[in-house]
Amino acid sequence: MIKLYQFDPAFGLPNASPFCMKLETYLRMAGLPFEIVPRASLFKAPKGKMPYIEDDGKRIGDTTFVIYYLKATYGDKLDGGLTPEQRAIALAFQRLMEENLYWAVVYTRWIEPEGFALTRAAFFGTLPVPAKWFVPWLARRGIAKELHGHGIGRHDAFEIHDIGRRDITALADFLGDKPFFMGDAPCALDATAYAFLANILWVPVESPLKQHAQSYPQLEAYCRRMRSRFFADR
Ligand SMILES: N[C@@H](CCC(=O)N[C@@H](CS)C(=O)NCC(=O)O)C(=O)O
């Protein structure tokens, strides 16, 4: 059975990491049997990031490569029917969320004081003293460096919110009144979209990104549709 290593749930979501939630969603959508390994260690992750899987003696990191592996090994029921044009669009939206919107979300959770207070409590609240006094601040410093390296961290708050809001607008406009991102049937892009949108709409961080996403009722309806179809047990 596939073993899924990821962070423990937080913020009332299956996972407060959009990448962990993406992979768990994908596994559920693809109907692949898996078990979640509780209290997984980041230090054992093959790429130093969560999530990763173990299957048939192999450890694979990075959701994109994990999904390539799963498709190659167990078949591709979700994306098999997409046209080349739809595949291109799906890839572009995946990258929009994972390589751009993600960093705007990270900024609101880790750098903005209200977001960081919630992140600190949710992710580090159970750490023993004295670790809980300094580990969150060390992690925050590392994330500030990553944001700077990515480039988004060089902008001011208004600009970062604006970048994130425009991504959310593109998602909402493209989804429109379709039930799923590529039409009537869910595809792998929906695993990413649900994970990212739920991690904006359904978290306690009251960011301008959340407010903006809330202004598009189709995004809330979409997340509810995905939850009832694939997470009815949670
Ligand atoms: N490209 C990776 C991104 C994974 C990622 O950024 N994971 C974050 C959590 S959302 C992480 O593990 N961060 C810990 C760290 O960077 O130390 C994927 O698709 O899996």
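Structure summary
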| item | result |
| --- | --- |
| Residue within region 7-25 that is free of Cβ contacts under 8 Å to residues at least 12 places away in the same chain and either more than 10 Å from the ligand (Cβ to nearest atom) or of a type outside the set (S, T, N, Q) (or both) present | yes |
| Subset of region 40-84 [closer than 22 Å to Ala195 by Cα, more than 11 Å from the ligand (Cβ to nearest atom) and of a type in the set (D, E, K, R)] | Glu54, Lys71, Asp76, Lys77, Asp79 |
| Boolean, Arg87 is surrounded by fewer than 17 Cβ atoms within 10 Å (Cβ to Cβ), modelled with pLDDT of 95 or more and within 13 Å of the ligand (Cβ to nearest atom) | no |
| Inter-residue pairs, beta-carbon under 6 Å, first in contact (Cβ under 8 Å) with a residue 60 or more places away in the chain and of a type in the set (S, T, N, Q) and in region 89-113, second within 10 Å of the ligand (Cβ to nearest atom) and in a helix (DSSP H, G or I), 6+ apart | Gln94/Thr192 |
| Check on Ala117, surrounded by 14 or more Cβ atoms within 10 Å (Cβ to Cβ), under 20 Å from Pro204 (Cα atoms) and free of Cβ contacts under 8 Å to residues at least 12 places away in the same chain | no |
| Filter result for Trp103 (modelled with pLDDT under 95 and of a type in the set (A, V, I, L, M, F, W, C)) | no |
| So Ala122, is it touching a Lys or Arg at 6+ places or on another chain (Cβ under 9 Å) and either under 25 Å from Lys210 (Cβ atoms) or in contact (Cβ under 8 Å) with a residue 40 or more places away in the chain (or both) | no |
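The values are calculated or read from the model by the stated rules, or taken from the named source; none is laboratory data. What you are looking at is a predicted structure, and each value in this text was computed from that prediction instead of being measured. A quick note on method: Cβ atoms are made from the backbone with ideal geometry, for glycine too, and the neighbour counts reach across all protein chains shown.
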